Amino acid sequence: MVARGGMARFWSLESLHMGTTAADGGTESSALVDDNGSEEDYSYEELCQTTPRYLQPGGEQLAINELISDGSIVYAEALWDHVTMDDQELGFKAGDVIRVLEASNKDWWWGRNEDKEAWFPASFVRGYIRQCRKHTGMFTTAQLSTIFGNIEDIYKFQRKFLKDLEKQYNKEEPHLSEIGSCFLQHQEGFAIYSEYCNNHPSACIELSKLMKQGKYRHFFEACRLLQQMIDIAIDGFLLTPVQKICKYPLQLAELLKYTTQEHSDYNNIKAAYEAMKNVACLINERKRRLESIDKIARWQVSIVDWEGPDVLARSSELIHSGELTKISKQGKSQQRTFFLFDHQLVFCKKDLLRRDILYYKDRIDMDEMELVDTEDGRDKDFNINVKNAFKIINRATEEVHLFCAKKQEDKKRWMEACESERRRVREDKEMGMEISENQKKQAMQNARKSRHGKMKGVSYNGCPVPPLHQSLHPIHQRHITVPTSIPQQQVFALAEPKRKPSLFWHTFNKLTPFKK
């Protein structure tokens with residue numbers, strides 16, 4: 001007999017196991033594809049050569065026969081080897097492409113490969129969806145990249161993860177299974193979901209555009225039927241990876257709930273739960289950062305006389321900003337507006353007449369700097385009296401930068417912000433937080449394009465008038481807790497941390513060149 005806790009643990013394990021195996025719209029055996037999850041591409045004729053029609057859900061063989069009757073050339077991919085001694089049957093190997101000529105029988109179809117025409121078992125094949133790559137007249141490379149993202153990488157990862165998970169799953173006594181180590185072993189691999197989740201909104205937009213045309217609805221529906229997938233539209237299947245990565249913390253929390261501390265897998269399950277929460281947090285943080293770099297890019301193109309590399313070359317978030325007085329070694333003071341990003345401090349000068357226009361002046365590399373508090377009174381390095389001051393010293397060159405704030409509380413905020421910048425840089429390195437060069441480049445291109453579209457030929461002192469400054473919001477919370485009581489379909493939306501209203505960027509609203 002299995003105790004009540006053991007039975008509950010059994011159902012938790014079953015839910016976790018089925019959630020992994022049903023990733024592609026139906027349960028699959030991990031032995032169907034090789035360890036790399038590779039599937040070779042073959043060329044073939046257009047799926048539909050006549051006027052496209054949208055297929056209503058129904059029997060697969062009926063739908064395929066309709067396509068064949070309409071003059072379409074239909075292909076199927078072999079999932080398994082079919083070895084036969086019967087001359088009336090078609091032999092083939094897994095991965096072979098078979099042209100389907102007749103499919104009136106649900107169990108046996110008539111088809112042709114390179115050798116001959118004969119009968120073959122319908123259950124041994126599936127629709128050859130990847131051949132949409134060959135439809136250059138229907139899909140561009142960019143469209144396919146936008147719609148599917150890195151889903152093939154996720155597929156390869158999941159096949160390997162599923163194999164390892166099944167090895168740890170005790171079929172005879174499921175409540176004794178030890179699967180925690182499997183999650184810990186693969187926790188770094190789950191990071192590939194980040195790119196997919198970030199791309200998913202763009203995929204939905206692109207797919208929505210295509211689905212307005214009948215030929216695309218017809219094509220995707222035919223692919224679904226040929227692969228014998230459940231009656232869910234393609235956008236539903238594309239949402240699956242997003243839902244899956246959010247389900248793991250919930251499922252592990254439920255499993256941990258019914259796993260006693262004496263169980264041999266308890267510590268690993270607990271560690272796996274924390275690891276998958278961190279994965280969800282990292283994915284959520286990357287999503288927020290992508291939104292942040294778009295705003296930073298728009299901010300940069302609004303700065304007049306920008307020099308040197310883009311901010312995004314090294315930074316991906318704004319931490320603090322405000323006005324400070326910068327004092328030189330000669331005792332000269334300059335009022336500047338400073339913007340503290342991760343890795344660098346950028347400062348600008350306001351226009352003498354138009355105070356809402358900023359001119360780029362310089363930047364300081366924060367990676368080599370040390371923050372030093374400075375007491376009120378006469379400073380020995382600069383030989384002047386200072387108040388509300390602090391220094392940033394280059395550890396390599398010993399160059400000293402002296403800054404003075406208007407108020408003591410302003411100085412305190414800047415000191416805390418500089419410490420926060422160093423802490424966040426360390427956390428980013430530990431979390432593996434990176435924004436690809438392509439994403440940074442795209443953000444800058446979009447910002448420049450947007451600026452060009454907003455310009456109306458108006459200039460000021462020979463310089464183009466920049467567009468409105470964009471409000472940027474510093475991070476207030478990095479780590480999240482996924483509640484176990486929230487319905488699974490709501491978790492992805494809840495993963496976005498709630499941010500308190502920020503006073504940091506109140507000044508940005510005053511720096512808009514066309515305030516109405």
Could you let me know the centre-to-centre spacing of the stretch 222-257 and the stretch 258-281, using Cα atoms, in angstrom? 22
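Can you list which of the GluC sites (Glu not before Pro) found in the stretch 307-337 are DSSP loop residues with at most 15 other C-beta atoms within 10 Å? Numbers along the way, then the final one.
On the way: sites: E307, E317, E323; in loops: E307, E317.
Counting only loop positions with at most 15 other Cβ atoms within 10 Å, the GluC sites (Glu not before Pro) in the stretch 307-337 are E307.
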Using amide H atoms built in the peptide plane, which far-off residues or other-chain residues are under 5 Å from I384 H to H? D379
In terms of modelled amide H atoms, which long-range or inter-chain residues lie less than 5 Å from the amide H of L79? G95, V125, R126
Amide H of W108: which non-local residues (sequence gap of 5 or more, or other chain) have their own amide H closer than 5 Å, using H built in the peptide plane? A122
Classify the stretch 282-394 as rounded, prolate or oblate from the Cα gyration tensor: take a ≥ b ≥ c as the square roots of its eigenvalues, call it rounded if a/c is under 1.5, otherwise prolate when a/b beats b/c and oblate if not. oblate
Could you state the number of Å between the C-alpha centres of the stretch 301-373 and the stretch 404-433? 15
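Viscosity 1.306 mPa s, temperature 10 °C: Stokes-Einstein D of the stretch 99-220 from its Kirkwood Cα radius, in µm² per second? Write out the running numbers ahead of the final one.
Details: Rh = 18.4 Å.
Diffusion coefficient, whole number: 86 µm²/s.
May I ask you to give the solvent-accessible area per residue for the stretch 266-339, in square angstrom, as obtained with a 1.4 angstrom probe?
Values: 2710 Å² over 74 residues.
With all protein chains present, the stretch 266-339 gives 37 Å² per residue.
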Phi to ³J(HN,Hα) by Karplus 6.51 cos²θ - 1.76 cosθ + 1.60 over the stretch 397-405, Hz, x for Gly, Pro: 9, 6, 5, 10, 10, 10, 10, 10, 9
Could you compute the FRET efficiency for E416 and S436, with r as their C-beta to C-beta distance and R0 at 30 Å, rounded to 0.05? 0.45
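Would you please name the GluC sites (Glu not before Pro) within the stretch 215-284 that are DSSP coil residues with at most 16 other C-beta atoms within 10 Å of their C-beta?
Numbers: sites: E221, E254, E262, E274; in loops: E262.
For GluC sites (Glu not before Pro) across the stretch 215-284 that sit outside H, G, I, E and B with at most 16 neighbouring Cβ atoms in 10 Å, the list reads E262.
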In whole Å, largest first, the alpha carbons of the stretch 181-322 cover along the principal axes 65, 49, 21
Pairs of lysines 8 or more apart, or on different chains, with alpha carbons under 18 Å: count those in the stretch 101-256, would you? 6
Once both labels are modelled 7 Å past Cα along the beta-carbon direction, what's the N170-N278 spacing in nm? 2.8
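Which trypsin sites (Lys or Arg not before Pro) does the stretch 176-226 hold that lie in a coil by DSSP with at most 11 other beta carbons within 10 Å?
Numbers: sites: K209, K212, K215, R217, R224; in loops: K212.
Within the stretch 176-226, the qualifying trypsin sites (Lys or Arg not before Pro) (loop, at most 11 other Cβ atoms within 10 Å) are K212.
The values are calculated or read from the model by the stated rules, or taken from the named source; none is laboratory data. Small disclaimer: the values here were computed from a predicted structure and weren't measured. Note that each Cβ is placed from the backbone with ideal geometry, even for glycine, and that neighbours are counted across all protein chains shown. For accessibility, only protein heavy atoms count, side chains too; no ligands or nucleic acids. Shrake-Rupley method; radii C 1.70, N 1.55, O 1.52, S 1.80 Å.
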